[in-house]
Amino acid sequence: MTKKIQAVRGMNDILPDESFRWEFFEQTIQEWLAAYGYRNIRMPIVEQTDLFVRSIGSVTDIVEKEMYTFVDHLNGESLTLRPEGTASCVRAVIANNLLYASPQRLSYSGPMFRHERPQKGRYRQFHQVGVEALGYTGPDIDAEHIVMCARLWEQLGISGVRLEIGTLGSVESRALHRERLIKYYEGYIDVLDEDARRRLHSNPLRILDSKNPGMREINNGAPKLIDDLDETSREHFEALQQILRNQGVDFEINLQLVRGLDYYNCTVFEWITDRLGAQGTICAGGRYDGLISQIGGKPAPACGFAMGVERLLTLMAECGKEIAPPAPDAYVVHQGGDAFVFAWKTVEYLRDHGLKSILHCGGGSFKSQMKKADASGARFALIIGDDEAAVEEVSLKPLREATNQVRAGLSTVVDLIKI
Ligand code: ATP
Ligand code: MG
């Protein structure tokens, strides 16, 4: 036998028994975004590698170890499958001059690619819904993003998600903090692990994000960003907290929040659950006031966040959110030449009247067709023999309710199904 071709490791098929949950999610997302006035933008999945290196930062896990980068052999360009959406979104906004007249509330969704070790809640192709507000200084827009997440969790039937907020300060206060961190870690140069030593001068903030328990003690003693925070950032952070309190959104302050991407400054936040084990962050974001100019646009402030769809869907299931699988209204079984012709007429008539109908295909006895009708989840079987066809009637048999089978013409059948 010919060898089977496997899917790429960490990249999953989403099968019909599961995809209806995705559809429910996507529909909820669409209505939720519309309720807040966010408009959809669709970017390519492949970008110039340099876009991600310059925006996410060259000394980050994503750029150092996780990107799917390849050379386009037709022209020698280095391209990368997008590991996240913000960089592409900002590139598209700049390229199309979208900030020319007014700020923009935008959103996108789709697959992202990171070469990580696949495990529960962590895949190599995964999906994000991202929200970006460009041209807004905040903190009102920062708060809007957090408040809209809180509303979405409710709509998705999710509970027990914790919100952590922090601030990274202005670009200038980050620079000051960076200097102090370098000085501090230089004092421990002999005990730093390899990653930390490598990042010491290029990206000392990243050291704080280390997952190595051996680094914990040194990290705990490191200079705190809050001590280097400038007055404007401090006020911004206070104002954000005040809006969240006004809106009744609970939060914890976590000044160690670093985030895995370099472009963040000022407000950062994460929504975290304990129900998904180690992969507990379902949504994360913050401000990125420097990014637009960093990749060639006219300077403009911005804020955004992205959520992991797979993790959210798992969490919805953990929280007991029930989503009914889609079922047809009617399954039409038929036997006989005239019945066949009338069965076609019947299903199209039902569809004309907004009813979901399946026409039995492939023949077989009434009994085996009825089994298929039942398995389809349809509320009704419509039975057509040549007798029925001769007078343009069908027998309507309820499959889920204890009511009687009736025989009627098509318009009556539509009325009966719609009751
Ligand atoms: P983590 O700390 O779990 O690696 P991250 O900080 O790398 O997350 P972000 O870049 O902020 O994640 O992406 C936003 C969201 O996308 C995450 O909160 C998570 O829900 C989801 N996500 C990120 N990487 C993956 C992945 N490999 N598989 C599935 N979901 C992911
Ligand atoms: Mg990660």
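Need at least 1 residues that are of a type in the set (A, V, I, L, M, F, W, C) and in contact (Cβ under 8 Å) with a residue 60 or more places away in the chain per element, so show me which strands (runs of 3 or more DSSP E) inside segment 347-419 make the cut, counting only ones lying wholly within it.
393-398
Among the residues making up segment 75-116, those that are without any contact (Cβ under 8 Å) to a residue 24 or more places away in the chain and either within 14 Å of ligand 2 (Cβ to nearest atom) or hydrophobic (A, V, I, L, M, F, W, C) (or both) are ALA95, ALA101.
Only one of (1) touching a Phe, Trp or Tyr at 6+ places or on another chain (Cβ under 6 Å); (2) at pLDDT below 90; (3) more than 16 Å from ligand 1 (Cβ to nearest atom) fails for LEU229. Which number is that? Tallying (1) touching a Phe, Trp or Tyr at 6+ places or on another chain (Cβ under 6 Å); (2) at pLDDT below 90; (3) more than 16 Å from ligand 1 (Cβ to nearest atom), LEU229 fails exactly one: (1). Each residue in segment 192-210 was checked for being assigned to a helix (DSSP H, G or I), at pLDDT 85 or above and open to solvent by less than 40 Å² (accessible area, probe 1.4 Å), and 4 pass.
Considering segment 275-292, and only residues there that are assigned to a loop (DSSP other than H, G, I, E, B) and open to solvent by less than 10 Å² (accessible area, probe 1.4 Å), the residue that is nearest to ligand 2 (Cβ to nearest atom) turns out to be GLY280. For ARG91, the test of being assigned to a loop (DSSP other than H, G, I, E, B) and modelled with pLDDT of 95 or more is failed. Looking only at segment 130-145, decide whether some residue is in a strand (DSSP E or B), crowded, with 21+ Cβ neighbours inside 10 Å and within 16 Å of ligand 2 (Cβ to nearest atom). Yes, the conditions are met somewhere in segment 130-145. Residue-level check: of (1) open to solvent by less than 20 Å² (accessible area, probe 1.4 Å); (2) in contact (Cβ under 8 Å) with a residue 60 or more places away in the chain, LEU225 misses just (2).
Residue-by-condition table, conditions (1) within 16 Å of ligand 1 (Cβ to nearest atom); (2) free of Cβ contacts under 8 Å to residues at least 60 places away in the same chain:
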{"residue": "GLY121", "(1), (2)": "yes, no"}
{"residue": "GLU132", "(1), (2)": "yes, no"}
{"residue": "GLU154", "(1), (2)": "no, yes"}
{"residue": "LEU163", "(1), (2)": "yes, no"}
{"residue": "GLY166", "(1), (2)": "yes, no"}
{"residue": "SER173", "(1), (2)": "no, no"}
{"residue": "HIS177", "(1), (2)": "no, yes"}
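Take the residues in segment 309-327 that are crowded, with 18+ Cβ neighbours inside 10 Å and either among the hydrophobic types (A, V, I, L, M, F, W, C) or under 15 Å from SER357 (Cα atoms) (or both); name whichever of them is farthest from ligand 1 (Cβ to nearest atom).
MET316
Candidates in segment 232-274 are the residues that are open to solvent by less than 30 Å² (accessible area, probe 1.4 Å) and β-branched (Val, Ile, Thr); of these, the one that is farthest from ligand 1 (Cβ to nearest atom) is VAL249.
Taking segment 1-17 as the range and being within 30 Å of ILE323 (Cα to Cα) and either without any contact (Cβ under 8 Å) to a residue 24 or more places away in the chain or assigned to a loop (DSSP other than H, G, I, E, B) (or both) as the test, the residues that pass are ALA7, VAL8, ARG9, GLY10, MET11, ASN12, ASP13, ILE14, LEU15, PRO16.
Table: residues versus (1) within 16 Å of ligand 1 (Cβ to nearest atom); (2) surrounded by 15 or more Cβ atoms within 10 Å (Cβ to Cβ).
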| position | (1), (2) |
| --- | --- |
| ILE29 | yes, yes |
| TRP32 | no, yes |
| TYR38 | no, yes |
| ILE62 | yes, yes |
| MET67 | yes, yes |
| PHE70 | no, no |
| HIS73 | no, no |
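The values are calculated or read from the model by the stated rules, or taken from the named source; none is laboratory data. Remember, it's a predicted structure, so these values are computed and weren't measured experimentally. When we count neighbours, we look across all protein chains shown, and the Cβ atoms used for this are built from the backbone with ideal geometry, even at glycine. Quick note on the areas: whole protein, heavy atoms, side chains included, nothing else; ligands and nucleic acids left out. Shrake-Rupley method; radii C 1.70, N 1.55, O 1.52, S 1.80 Å.
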